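In what follows, a single structure is set out as structure tokens and then discussed.
Please treat every number below as a calculation from the coordinates, not as lab data. For clarity, every value in this text was computed on a predicted model and none was experimentally measured.
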């Protein structure tokens, strides 16, 4: 389910890509996102887990990319957010005696999986560097 994590993570990584040699403070990043720094630090912890960023503490501390933005695909960003596109399912259980009802959720799942593969394949072709050049 799309929750906004992809947008938040992309925003963070785009900021870091624009200033690749600087450690950026979570407060600064939070100001750009207009969210609480704790939420930024939570996303940064996830990015550290996937070896996309490194952080250092202290007066000149902050976070920066571990590898060049040109080597990070937007598909990788999408994957680390653990999101999937889903338009959802009916709140009611379909009628198992109906030829459509008994198979609708299976077929919707297959459709959603296909849409996700299309999205993933498109995102593979875009680097974080390419995306960040828009700003």
**Report entry** Folded to 0 to 90 degrees: helix 5-18 orientation relative to the chain principal axis, Cα
**Finding:** 30 degrees
Query raised in the report: How far is helix 37-49 tilted, in degrees, relative to the longest principal axis of the Cα atoms in the chain, given as a value from 0 to 90 rounded to the nearest 10?
Result: 80 degrees
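Cα-based Rg of the stretch 35-135 per 2.2 N^0.38 Å, rounded to two decimals?
Details: Rg = 19.5 Å, N = 101, 2.2 N^0.38 = 12.7 Å.
Cα-based Rg divided by the globular estimate yields 1.53.
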Query raised in the report: If you wrap a convex hull around the Cα atoms of the stretch 90-135, how much volume per residue is inside, in Å³?
Result: 84 Å³
Requested in this report: Specify the angular offset, from 0 to 90 degrees and rounded to the nearest 10, of the alpha carbon long axis of helix 104-124 from the longest principal axis of the alpha carbons in the chain.
Outcome: 30 degrees
Requested in this report: Percent of Cα-Cα pairs per 10 Å bin, from 0 to the last occupied bin, for the stretch 2-53, please list those.
Outcome: 25, 64, 11, 0
Query - Geometric extent, Cα atoms of the stretch 1-92 - Rg, Dmax (angstrom) - result: 14.3, 55
Query raised in the report: Given Cα pairs under 8 Å that are at least 6 residues apart, what percent is the relative contact order of the stretch 1-117?
Result: 28 percent
Report task. Using 0.36 nm per residue of separation minus the Cα-Cα distance, give me the extension gain between residue 59 and residue 25 in nm, one decimal. Result -> 11.3 nm
